[in-house]
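The values are calculated or read from the model by the stated rules, or taken from the named source; none is laboratory data. Small disclaimer: the values here were computed from a predicted structure and weren't measured. Quick reminder, even Gly has a Cβ in these numbers, built from the backbone with ideal geometry, and neighbours come from all protein chains shown. All accessible areas refer to the heavy atoms of the entire protein, side chains included, with ligands and DNA or RNA removed. Shrake-Rupley method; radii C 1.70, N 1.55, O 1.52, S 1.80 Å.
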Amino acid sequence: QVQLVESGGGLVQPGGSLRLSCAASRIIFTIYAMGWYRQAPGNQRELVANITNGGSTNYADSVKGRFTISRDNAKNTVYLQMNSLKPEDTAVYYCNARWGTLGYWGKGTLVTVSS
């Protein structure tokens, strides 16, 4: 079955950086659009950024200019580089793979931004 495994979360101070990775297996990675979502306690899951199979990107307004999504099709991996982190970025970050009506989720990785 399809697996999406996130890594790279942790505790970071405000203003710091983290890079999240999501390794995909058992899918034809190159045809899938990939995305990062996040969910903070008490909030709904929201889109952070996504990247199409052609490499076009889209970002939530709250992260534009600070976060960068990228993909390495040779490694079946999507990344989220997060800079200038703020306490309000604290959330569980989830990886998503989507192709037509097919969609898959990872189990998430926790990012905590705190001094």
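Points worth noting:
- Checklist (1) aliphatic (A, V, I, L, M); (2) in contact with a Ser or Thr (Cβ under 7 Å, 6 or more places away or on another chain); (3) surrounded by fewer than 16 Cβ atoms within 10 Å (Cβ to Cβ) applied to V111, failing item: (3)
- Here N58, N76 are screened, and the one residue that is at pLDDT 95 or above and closer than 19 Å to Q3 by Cβ is N76.
- If you go through region 24-37 and keep only what is surrounded by fewer than 17 Cβ atoms within 10 Å (Cβ to Cβ) and part of a loop (DSSP other than H, G, I, E, B), you end up with R26, I28.
- Selection within region 60-104 - more than 18 Å from F29 (Cβ to Cβ), open to solvent by 20 Å² or more (accessible area, probe 1.4 Å) and of a type in the set (G, A, S): A60, S62, G65, S84
- Any hit, region 13-23, residues being outside any helix (DSSP H, G or I), surrounded by fewer than 17 Cβ atoms within 10 Å (Cβ to Cβ) and free of Cβ contacts under 8 Å to residues at least 40 places away in the same chain: no
- A count restricted to region 77-115 and to residues that are of a type in the set (D, E, K, R) and either free of Cβ contacts under 8 Å to residues at least 24 places away in the same chain or part of a loop (DSSP other than H, G, I, E, B) (or both) stands at 2.
- Per-region count, region 60-76, residues among the hydrophobic types (A, V, I, L, M, F, W, C) and outside any strand (DSSP E or B): 3
- Region 38-59, residues that are open to solvent by less than 70 Å² (accessible area, probe 1.4 Å), touching a residue at least 24 places away in the same chain (Cβ under 8 Å) and assigned to a loop (DSSP other than H, G, I, E, B): A40
- Residue in region 60-76 that is touching a helix residue (DSSP H, G or I) at 6+ places or on another chain (Cβ under 6 Å), under 16 Å from R19 (Cβ atoms) and touching a residue at least 40 places away in the same chain (Cβ under 8 Å) present: no
- Residue selected from region 1-12 under the condition in a loop (DSSP other than H, G, I, E, B) and modelled with pLDDT of 95 or more, by the criterion nearest to V78 (Cα to Cα): G8
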